[in-house]
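Right, one structure below, let's go through it.
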Amino acid sequence: MGGTTHGTQRMSEATTVASGQRTSTAELPRLPVVVVVDAPTPGGDLELGETIGVGGMGRVINARQVALDRPVAAKFLRDAADDPGPLLREAIVTGRLEHPNIVPVHLLGVSGGGAPFFTMKRVEGRSWSELLTSPHPLVEHLETLVRVCDAVAFAHDRGVLHRDIKPDNVMVGSFGEVYLVDWGLAVSLKPDEVLPLAATAGFAGTPAYMAPEMAAGDGPMLSPRSDVYLLGATLYEVLTGRLPHRGTSDVAVIADALAGSPPTFDQPVPEELAAICTKAMSKRPEDRYQSALVFKQAIIDYLRHREAYVLFEQAQRGLKQLEHVVAQGSMLTSQLGLQAHSLFAECRVGFEQVTRLWPEFAGARVGLQRALGLMIQHELGREEARAARILLAQLDAPPRELVKAVEVAEAEHQAREVRLALLERDARDQEFDLAVSEKRQFSFAFAVVTGLVGVSLQVAIDRFGFRPTTAQGALLASLAVVSAALFSLVVKRAAPHNTAQRRIANGMMMSALSSMAVWVTAWRFDVPFLTSVALYFCIVASTWLMSWALFTSHSRRVALPLAAAAGLSLVFPAWAPAIGGVCGAIAFTWLGLFMHSGAAQPPRAA
């Protein structure tokens with residue numbers, strides 16, 4: 001209890017200092033005489049057992065109230081010569097304050113020897129200060145502090161100040177009950193027959209926790225905000241494990257309390273809790289929370305926000321990683337790019353969840369804006385102006401330099417798009433594999449016609465003695481010109497804006513006209529028909545070989561058979577019509593079978 005010793009004595013600055021005023025015997029109320037005996041002596045009203053603890057203002061003993069056969073805690077003066085006033089006042093004020101977080105008083109009396117004492121409910125548990133030395137979640141300690149605030153707020157509502165709030169004076173039961181004990185230094189905010197008036201109170205309390213006005217012994221400055229300071233000092237010990245005021249001597253500790261310097265935290269502490277503690281421990285009372293209930297509400301708000309804090313801290317860690325990735329923009333790889341998007345998604349979800357859980361928390365909005373800014377920089381580094389623009393629209397107040405950077409990137413992107421469109425247009429213009437269906441049909445038809453004409457002419461020569469003239473060969477060549485003209489018309493209609501198709505059509509016309517020129521020349525110089533056939537295939541094969549070299553690989557399927565026809569016709573001129581017809585049929589059948597649509601093939605170098 002008040003300044004109670006548990007195992008080892010705490011530092012002197014953590015010991016309660018009583019008021020210097022002493023109560024005279026005449027001021028004591030008339031108290032019932034109770035027969036107090038040491039257990040197991042029979043015949044007593046109160047049987048005393050072992051001592052639970054000894055503090056600066058009293059001695060607490062484990063006892064049994066015989067009439068009701070119930071265990072109680074009995075508090076006596078530490079020394080018979082001590083002033084009984086604080087003990088009696090503690091019993092009376094505690095008896096007045098019936099609250100779930102204040103230990104009930106059962107009896108106030110004197111022993112047969114005249115020693116004043118009172119009995120109260122015996123709490124099966126430990127002092128909060130003991131629990132602070134063992135591992136417990138912070139949330140549990142904050143919930144304990146909330147219950148202490150309830151007791152303090154109730155006392156303030158009854159016009160009572162505790163003046164000695166600290167973990168030593170809080171008992172935590174085995175089932176989570178929380179009790180604020182040791183009301184021996186309590187004073188009243190209004191005239192009272194039992195309690196001293198706060199305005200006339202002198203120096204009293206525990207130096208390690210005192211508010212500046214308490215350390216100054218300034219009674220008129222005492223108010224509920226003095227207890228709020230003690231609540232803040234208790235929170236400081238919960239957060240740091242250290243006493244709020246420290247020094248090498250009692251005088252140094254009191255001087256530290258008088259200074260009222262803001263608390264410092266030399267270890268990681270949740271930012272909101274640090275702010276609550278700092279406000280509660282403000283030097284000027286008017287800067288503190290206005291009541292214990294308002295202080296309690298701040299703690300409750302933090303407890304409600306702790307899930308948001310966990311999410312916020314996770315998002316903050318992701319934000320730091322995102323900063324690191326974006327900082328490596330000059331070494332940007334696909335892996336880093338994926339990592340950046342993954343981290344940004346995590347940050348964004350985290351900060352947005354925090355905002356939903358705690359709309360008033362500005363840190364989440366600031367974090368989200370920072371993540372958006374980093375991702376805009378990342379997208380600009382990847383030349384993704386559209387993505388950067390989308391992200392920029394989500395910034396609350398985008399910096400001018402970032403807006404300018406996005407505008408420049410969009411202009412560059414648009415210029416690239418124009419260049420790409422021109423390149424794609426040029427690529428489509430040079431694509432050969434268009435109008436495939438029409439070309440295939442023409443190839444098959446031309447294969448059939450070529451084969452029939454060649455074989456039929458060979459049969460007519462060999463079987464029926466037909467002797468064709470060069471003029472008749474020129475007439476047949478005109479049919480090729482007509483076919484090439486038809487082919488050109490079909491292809492140009494199928495792909496009217498494609499340069500490559502126009503080249504193919506023009507090439508076919510030139511090939512046909514060249515062959516026609518061969519026949520006309522042969523007729524003019526009386527070249528024999530069969531020799532003219534061989535020369536014809538030489539010219540046509542050369543034309544297709546040039547097409548293979550300059551335009552498309554499809555031409556090889558015609559060039560190779562026709563080259564074979566030219567060579568065989570020169571070796572076997574008598575069979576030139578049949579050789580030409582068969583090879584031509586093979587050439588154009590091969591071309592039709594393997595012609596397919598696909599990507600444009602670039603022109604081949606000569």
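Among the residues of the stretch 161-196, those identified as outside any loop (DSSP other than H, G, I, E, B) and either under 51 Å from the mean Cα position of the chain (by Cα) or not assigned by TED's automatic domain parsing to the domain that holds ARG147 (or both) are LEU161, PRO167, ASP168, ASN169, VAL170, MET171, VAL172, GLY173, VAL178, TYR179, LEU180. I need the full set of residues from the stretch 421-456 which are over 24 Å from LEU562 (Cβ atoms) and at pLDDT 70 or above, in order please. Matches in the stretch 421-456: ALA421, LEU422. Flag: ARG467 matches the condition of being among the basic types (Lys, Arg), outside any helix (DSSP H, G or I) and assigned by TED's automatic domain parsing to the domain that holds PHE525.
Hey, could you check the stretch 54-72 for residues that are touching a residue at least 60 places away in the same chain (Cβ under 8 Å) and out of contact with any helix residue (DSSP H, G or I) (no Cβ under 7 Å at 6 or more places or on another chain) and say which is farthest from PHE118 (Cα to Cα)? Out of the qualifying residues, it is GLY55. The set of residues from the stretch 30-53 being out of contact with any helix residue (DSSP H, G or I) (no Cβ under 9 Å at 6 or more places or on another chain), surrounded by 16 or more Cβ atoms within 10 Å (Cβ to Cβ) and not in a strand (DSSP E or B) comprises GLY44, ASP45. If the condition is being among the aliphatic types (A, V, I, L, M) and without any contact (Cβ under 8 Å) to a residue 24 or more places away in the chain, then the stretch 564-585 contributes ALA564, LEU568, VAL571.
The condition (being farther than 19 Å from VAL187 by Cα, touching a strand residue (DSSP E or B) at 6+ places or on another chain (Cβ under 9 Å) and β-branched (Val, Ile, Thr)) is satisfied by just one residue among VAL160, VAL146, VAL103, VAL139: VAL146. Looking only at residues of the stretch 250-279 that are among the β-branched types (Val, Ile, Thr) and either in contact with a Phe, Trp or Tyr (Cβ under 7 Å, 6 or more places away or on another chain) or within 16 Å of GLU237 (Cα to Cα) (or both), we find that the one that is surrounded by the fewest Cβ atoms within 10 Å (Cβ to Cβ) is THR264.
Within the stretch 199-225, work out how many residues are in a helix (DSSP H, G or I), in contact (Cβ under 8 Å) with a residue 60 or more places away in the chain and either touching a strand residue (DSSP E or B) at 6+ places or on another chain (Cβ under 6 Å) or within 19 Å of GLU237 (Cα to Cα) (or both). Total meeting the criteria: 2.
Screening GLN314 against (1) assigned by TED's automatic domain parsing to the domain that holds CYS347; (2) under 24 Å from VAL170 (Cα atoms); (3) of a type in the set (S, T, N, Q) leaves a single unmet condition, (2). Within the stretch 491-503, the set of residues being surrounded by 16 or more Cβ atoms within 10 Å (Cβ to Cβ), of a type in the set (A, V, I, L, M) and either at pLDDT 70 or above or farther than 25 Å from LEU452 by Cβ (or both) comprises ALA495, ALA500.
Each row is one residue, and each column tells you yes or no for (1) surrounded by fewer than 20 Cβ atoms within 10 Å (Cβ to Cβ); (2) in contact with a Pro (Cβ under 9 Å, 6 or more places away or on another chain).
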{"site": "GLN65", "(1), (2)": "yes, yes"}
{"site": "ASP69", "(1), (2)": "yes, no"}
{"site": "LEU87", "(1), (2)": "no, yes"}
{"site": "THR94", "(1), (2)": "no, yes"}
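Within the stretch 95-104, not a single residue is in contact with a Ser or Thr (Cβ under 6 Å, 6 or more places away or on another chain) and without any contact (Cβ under 8 Å) to a residue 40 or more places away in the chain. Annotation: LEU161 fulfils all but one of (1) touching a helix residue (DSSP H, G or I) at 6+ places or on another chain (Cβ under 6 Å); (2) within 29 Å of ASP266 (Cα to Cα); the unmet one is (2). Of these, VAL93, VAL139, VAL110, VAL105, which one is among the hydrophobic types (A, V, I, L, M, F, W, C) and over 24 Å from LEU195 (Cβ atoms)? None of the other options fit; the residue is VAL139. Scanning the stretch 259-306 for residues that are charged (D, E, K, R) and closer than 22 Å to VAL148 by Cβ turns up GLU272, LYS279, ASP287, ARG288, LYS296, ASP301, ARG304, ARG306. For the stretch 380-395, a tally of residues being closer than 21 Å to ALA364 by Cα and out of contact with any helix residue (DSSP H, G or I) (no Cβ under 6 Å at 6 or more places or on another chain) returns 2. Scan the stretch 300-318 and give yes if some residue there is out of contact with any His (no Cβ under 9 Å at 6 or more places or on another chain), charged (D, E, K, R), surrounded by fewer than 15 Cβ atoms within 10 Å (Cβ to Cβ) and at pLDDT 90 or above, otherwise no. The answer is yes, given that some residue of the stretch 300-318 is out of contact with any His (no Cβ under 9 Å at 6 or more places or on another chain), charged (D, E, K, R), surrounded by fewer than 15 Cβ atoms within 10 Å (Cβ to Cβ) and at pLDDT 90 or above.
The values are calculated or read from the model by the stated rules, or taken from the named source; none is laboratory data. Quick caveat, the model's predicted, so the values are computed rather than measured. For neighbour counting, all protein chains shown are included, and Cβ atoms are generated from backbone atoms with ideal geometry for every residue, glycine included.
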